[in-house]
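The values are calculated or read from the model by the stated rules, or taken from the named source; none is laboratory data. The shown structure was predicted, so the numbers you read here are calculated from the model rather than taken from an experiment. Neighbour counts run over all protein chains shown; Cβ positions are idealised from the backbone, glycine included. Only protein heavy atoms, including side chains, enter the accessible area calculation; ligands, DNA and RNA are left aside. Shrake-Rupley method; radii C 1.70, N 1.55, O 1.52, S 1.80 Å.
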Amino acid sequence: MTPSDLARRALPLLLAIPLALSFPAAATAETSLPEDWDAIETQARGQTVYWNAWGGDAAVNRYIGWVAERMAERHGVEVVHVKLDDTAAAVSRVIAEKSAGNVDDGAIDLVWINGENFAAMQRNGLLFGPFAQRLPHFALTAPDDNPEMRTDFTLPTEGFEAPWGKAQLTFYYDAERVEAPPRDMRALLDWAKAHPGRFTYPLVPDFLGSTFLKQALLELVEDPTVLAEPASDHEVATVTAPLWDYLDALHPHLWRQGRHFPASGPELKQLMGDGELSLAFTFNPAEPAAAVADHQLPPGTRSYVLDGGTLGNVHFVAIPFNARRKAGAMVLANFLLSPEAQARKQDIAVWGDPTVLDMDRLSAEQREAFDRGDANPARLPPEALEKLLPEPHPSWMEALEAAWIARYAKG
């Protein structure tokens with residue numbers, strides 16, 4: 001996939017979100033549902049929940065399939081995974097429904113979301129809630145002790161999202177080919193020059209490609225604190241100029257000289273598995289170990305984070321304001337926070353996505369399910385992931401993606 005292909009695909013989505021700015025932001029109240037949780041579960045029984053979630057990874061898809069089986073068995077709720085290439089497609093769908101006056105018969109019941117997509121939906125009154133605090137398992141995240149459970153890219157979620165998993169940018173390399181991987185973004189440029197064609201990043205606006213841009217900007221910008229503020233408060237071109245200078249210098253040394261980019265993180269991982277790259281990165285710290293165990297990456301794969309830390313965040317699920325089956329969506333969101341579902345999700349043999357649960361809130365038996373009990377050398381110990389950098393305000397991601405496409409997605 002070339003940058004121009006992606007630009008043509010992404011343009012309708014990029015144009016759709018600003019159109020929503022004319023809509024009044026008026027969130028739907030939660031009074032349409034019973035107050036009692038048992039009554040919500042009773043109302044949910046027999047419903048079909050259409051869950052819009054990224055479908056670009058086989059392990060994720062298999063996990064969601066397992067969730068669907070458990071929801072049917074235990075709650076009588078059918079879960080249909082609507083696989084997305086880009087969450088912005090779901091945002092655009094809800095925008096179109098609101099524009100058409102559809103306020104109670106939406107096609108989307110639950111959406112996997114965070115960052116700029118959450119900001120766009122919340123800003124324009126496209127989300128139902130607050131609902132997160134009504135989920136019995138939400139307390140297991142200990143939100144008072146872990147404020148990131150209520151914060152999405154600097155924005156308070158105000159109960160309009162329920163946490164589901166964690167992510168942190170993690171680099172990995174083939175130790176048979178690389179003795180000393182670069183430990184910061186400037187060193188990465190030097191490394192790429194010395195090893196042409198052995199590194200690349202996914203095509204923006206793929207979320208992993210966009211995360212690479214944010215990581216670079218955080219290290220290169222003169223004052224990183226401005227990134228916690230709305231981009232509109234600053235001269236964007238001036239703040240981001242060091243990033244474009246950096247990429248202009250980097251691109252000629254990338255895989256295929258920066259003229260083509262892999263479309264996603266899974267494609268980036270495949271290039272590593274095929275031996276075309278020697279260095280890559282992921283937003284799931286356990287993914288390299290899981291891929292080694294599944295024979296997708298060579299046994300010499302090792303993981304690390306940059307010396308100054310790497311970006312990390314929490315990803316969430318949310319319910320559109322006009323969801324047809326809100327009770328079923330809430331029961332699904334609650335199951336996703338159960339110790340059973342969270343432990344299975346964290347297992348590298350299943351997915352490896354880190355849990356959002358606070359271990360101090362679990363029983364000894366529940367904690368045992370999270371003991372990974374493996375010594376996979378490709379997996380980082382928890383203490384290695386403590387250098388966590390906060391996400392910029394979501395408006396910076398929007399600005400970076402638009403500027404990258406304008407600058408590099410040329411036919």
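Rounded to the nearest whole Hz, the Karplus-based 3J(HN,Hα) values (6.51 cos²θ - 1.76 cosθ + 1.60, θ = phi - 60°) of the stretch 149-165 follow the sequence 6, 10, 9, 10, 6, 6, 9, x, 7, 6, x, 8, 9, 10, x, 9, x, with x at glycine and proline. The local environment of Gln168, defined by Cβ-Cβ distances under 15 Å, has a net charge of -3 under the rule Lys, Arg +1 and Asp, Glu -1. Within the stretch 182-250, report the GluC sites (Glu not before Pro) that DSSP leaves as loop and that have at most 12 other Cβ atoms within 10 Å. Listed in order of number, the matching sites are Glu222, Glu235. Based on the Stokes-Einstein relation at 20 °C and a viscosity of 1.002 mPa s, and on the Kirkwood radius from alpha carbon pairs, the stretch 84-205 is assigned a translational diffusion coefficient of 120 µm²/s.
The heavy atoms of Thr240 offer some 10 square angstrom of accessible surface to a 1.4 angstrom probe. Of the listed residues Trp54, Trp191, the order by accessible area with a 1.4 Å probe, largest first, is Trp54, Trp191. Sum up the charges of everything whose Cβ sits under 15 Å from the Cβ of Asn102, counting Lys and Arg as +1 and Asp and Glu as -1, but leave Asn102 out. Neighbourhood net charge equals +1. Take the Cα of Lys83, step 7 Å toward its Cβ, do the same at Glu235, and the gap between the two points is 4.7 nm. Counting Lys and Arg as +1 and Asp and Glu as -1 over every other residue whose Cβ lies under 15 Å from the Cβ of Arg123, the net charge comes to -4. If one puts a single equal scatterer on every Cα of the stretch 302-411 and applies the Debye formula without solvent, what log₁₀ I(q)/I(0) results at q = 0.10, 0.21 Å⁻¹? Evaluating at q = 0.10, 0.21 Å⁻¹ gives log10 I(q)/I(0) of -0.49, -1.20. Within the accessible area of the stretch 164-222, what % is carbon and sulfur when the probe is 1.4 Å and the other protein chains stay in place? Looking at the stretch 164-222 in its full context, I get 45 percent from C and S.
Taking the longest Cα principal axis of the chain as reference, the axis of helix 394-408 is set at about 50 degrees.
Residues of the chain: accessible area per residue at 1.4 Å, in Å²? Please list the in-between numbers first.
Values: 16920 Å² over 411 residues.
Solvent-accessible surface per residue comes out at 41 Å².
Sorted largest first by accessible area at a 1.4 angstrom probe radius, with every protein chain in place, the residues Asp145, Asp184 fall in the order Asp145, Asp184.
Starting with the highest mean, order 75-86, 307-318 by the number of other Cβ atoms within 10 Å, averaged over the residues of each peptide. The partial results should precede the final answer.
Details: 75-86: 17.5, 307-318: 20.8.
Averaged packing, sorted descending, gives the order 307-318, 75-86.
Expressed as a fraction of 2.2 N^0.38 Å, the C-alpha radius of gyration for the stretch 59-105 is 1.49. Compared with the dominant principal axis of the Cα atoms in the chain, helix 236-250 is inclined by about 50°.
Past 25 Å, Cα to Cα, is the threshold; run Lys193/Lys269; Lys166/Lys269; Lys98/Lys166 against it and keep the listed order. Spell out each step's value before the answer.
Working: Lys193/Lys269 21 Å; Lys166/Lys269 20 Å; Lys98/Lys166 31 Å.
From the list (Lys193/Lys269; Lys166/Lys269; Lys98/Lys166), the Cα-Cα distance tops 25 Å for Lys98/Lys166.
Stokes-Einstein D for the stretch 138-201 at 37 °C, 0.692 mPa s, Kirkwood Rh over Cα pairs, in µm²/s? Taking Rh from Cα pairs, D becomes 215 µm²/s. Proximity of backbone amide H atoms, modeled 1.01 Å from N, is registered between Gly125 and Ala26 at under 5 Å, excluding neighbours fewer than 5 places apart on the same chain.
Rounded to whole Å, give me the distance from the Cα center of the stretch 296-366 to that of the stretch 60-93. Taking the Cα centre of each part, the stretch 296-366 and the stretch 60-93 sit 14 Å apart. For the stretch 151-250, list log₁₀ I(q)/I(0) at each q in 0.10, 0.19 Å⁻¹, using the Debye formula over Cα point scatterers of equal strength and ignoring solvent, two decimals each. So the normalised log intensities work out to -0.37, -1.11. Based on alpha-carbon atoms, the Kirkwood radius and the radius of gyration of the stretch 252-349 give Rg/Rh equal to 1.08.
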